[in-house]
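Q: Before anything else, here's the structure in question.
The values are calculated or read from the model by the stated rules, or taken from the named source; none is laboratory data. Note that the structure is a prediction, hence the values are computed from the model and not measured. Cβ atoms come from the backbone with ideal geometry, glycine included; neighbour counts cover every protein chain shown. To get the accessible areas, we keep the full protein, side chains included, count just its heavy atoms, and leave off ligands, DNA and RNA. Shrake-Rupley method; radii C 1.70, N 1.55, O 1.52, S 1.80 Å.
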Amino acid sequence: MTELQSLKPQLLSGLDGYRRWFHGMIDSETGRLCYKYIPDKKEFLKEPSPVRDLGTAADLGTLQAHFSTTEFCEVMQRTLDHFQAALVEEQGWEDGAAEEGEQPAAGREVDSQPWSYLDPMKINEPSSIAHNSMFILALASLQNHPRPEESRQLMTQLADGILHQQRPDGTYKIYFQSGDLGDFGYELYCGEAMLGLLTAHQHLGHERYLTSVQKALPQYERIYRSGSIGRTELVFFANWQTQVAALLARSTTDPKASSHLSAYIYHLHDTILDKLKLYEAVKRFPEKMATVEVGCGLEGLVDAYALALEEGPGAAARQQRYAAAIRTAVDFLQEVQAKSAELGGEVAVGGLGHGLTRPLQRIDVTGHVACAYIRLLEVLEGREP
């Protein structure tokens, strides 16, 4: 771990910049975040992106917790209120992911309970389990919710909405409405859904959410090991799968299960290192790299590194290997962060461009990197996540 201690000033400086930048991305008319800023045009793009709006609201909660403030609570609450108005409430499970005549994976426990999802007509895009998950993460991240019981009920209904989509084999149907999309995006959305369920389990204590994830994760590991995850999706798949598997590995009392989960995580990141050669590409061709890929790669890799550290001296080679990749990623991300107002004015300062030669800034990309930095600081300081 000592090999990364020298990164702490860079991480802290980066987080200061992200904090400043997010304040500049708040739309004075809506009180919510603008999705994009184009520095070379000095132009905000206010097009909605519901999944990323909700996911970034969760990231803001992580960021303000790091600074021990409540400075983003208002924008988070406005975001939650905006999307709460778009929710549909359903009752029963007759239209779930189970085939006709089969019992839904969630079982009889929630047959009569209401469940919710976002109305696709109100958000102008297909409604998926990713929307529910990011909504859950944002609710969980908001400190001192003004209506705590309402928040708990809403989280329950959103989590039960994800359960509604679980098939008997453990996989999740991605979209709440039938259509031509099939399970498009499952490489990301299944992991996001499982993280949302584990978060709901932590906050609400309902065992059905943990049970759902324990049934689902082996199915997605099987899909991964069959070679079905493409190169362009691998980093993003690995990020969400790692976050889920790491939470399970740390919470189980079964050493065999913990070992298997750790091995799955290591296989994901060893594949990114050895076959995808992501970090080698970052060093050799930085101008070609996308910030979102490097940032999401780092987010998952930090959890893998933390698990390797917990194994002690016997995992020294893996620790050093992952540490070198982490340093490469952080060095790149520091270069991408806007340091002056020369391009885009003061509002651009602190934000992350799409790449070294692409100045477009997006809230979700900066949110991913902020969370990765905060998690890495927790690891370096020996704090629990």
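Q: Would you mind stating whether Asp81 is acidic (Asp, Glu) and over 16 Å from His368 (Cβ atoms)?
A: Values: acidic (Asp, Glu): yes; over 16 Å from His368 (Cβ atoms): yes.
Here the answer is yes, as Asp81 does meet what is asked.
Q: Another question, if that's okay. Out of all the residues in the stretch 121-135, which are outside any helix (DSSP H, G or I) and open to solvent by less than 20 Å² (accessible area, probe 1.4 Å)? Please lay out each step first, then the result.
A: At the first step, the residues of the stretch 121-135 found to be outside any helix (DSSP H, G or I) are 124-128.
Ser127, Ser128, listed by residue number.
Q: Given Ala85, Ala65, which one is modelled with pLDDT of 95 or more, within 25 Å of the chain's Cα centre (by Cα) and surrounded by fewer than 13 Cβ atoms within 10 Å (Cβ to Cβ)? Lay out the reasoning, then the answer.
A: On the way: Ala65 fails: surrounded by fewer than 13 Cβ atoms within 10 Å (Cβ to Cβ).
Being modelled with pLDDT of 95 or more, within 25 Å of the chain's Cα centre (by Cα) and surrounded by fewer than 13 Cβ atoms within 10 Å (Cβ to Cβ) holds for just one of Ala85, Ala65, which is Ala85.
Q: Further question on the same structure: Scanning the stretch 358-385 for residues that are in contact with a Pro (Cβ under 7 Å, 6 or more places away or on another chain) and outside any strand (DSSP E or B), which turns out surrounded by the fewest Cβ atoms within 10 Å (Cβ to Cβ)? Spell out the reasoning first.
A: From the stretch 358-385, those in contact with a Pro (Cβ under 7 Å, 6 or more places away or on another chain) are 359, 361, 375, 378; that's our starting set.
Narrowing the set further to residues that are outside any strand (DSSP E or B) leaves 375, 378.
On the way: Arg375: 21, Glu378: 15.
By that ranking, first place goes to Glu378.
Q: Something else: Exactly one condition in (1) in a helix (DSSP H, G or I); (2) farther than 25 Å from Thr328 by Cβ is false for Lys41; which is it?
A: For Lys41, the exception is condition (1).
Q: Report whether or not Ser112 is surrounded by fewer than 19 Cβ atoms within 10 Å (Cβ to Cβ) and within 22 Å of Gln77 (Cα to Cα).
A: Details: surrounded by fewer than 19 Cβ atoms within 10 Å (Cβ to Cβ): yes; within 22 Å of Gln77 (Cα to Cα): no.
No, not satisfied.
Q: Can I ask one more? Can you tell me how many residues in the stretch 338-357 are within 18 Å of Gly297 (Cβ to Cβ), open to solvent by 10 Å² or more (accessible area, probe 1.4 Å) and touching a Lys or Arg at 6+ places or on another chain (Cβ under 8 Å)? If you could, list the steps in order and put the result at the bottom.
A: So in the stretch 338-357, the residues within 18 Å of Gly297 (Cβ to Cβ) come out as 352-356.
Now narrow it down to the ones that are open to solvent by 10 Å² or more (accessible area, probe 1.4 Å): 354, 356.
Those still in the list that are touching a Lys or Arg at 6+ places or on another chain (Cβ under 8 Å) too: 354.
Matching residues across the stretch 338-357 total 1.
Q: With the condition being at pLDDT 95 or above and of a type in the set (Lys, Arg), I'd like the helices (runs of 4 or more DSSP H) fully within the stretch 218-305 carrying at least 2 qualifying residues.
A: Counting at least 2 such residues, we get 278-284.
Q: Determine the pairs where a residue that is assigned to a loop (DSSP other than H, G, I, E, B), located within the stretch 136-158, has a partner that is open to solvent by 60 Å² or more (accessible area, probe 1.4 Å) with Cβ atoms under 7 Å apart, the partner being 6 or more residues away or on another chain.
A: Final answer for the pair search is Gln143/Thr70.
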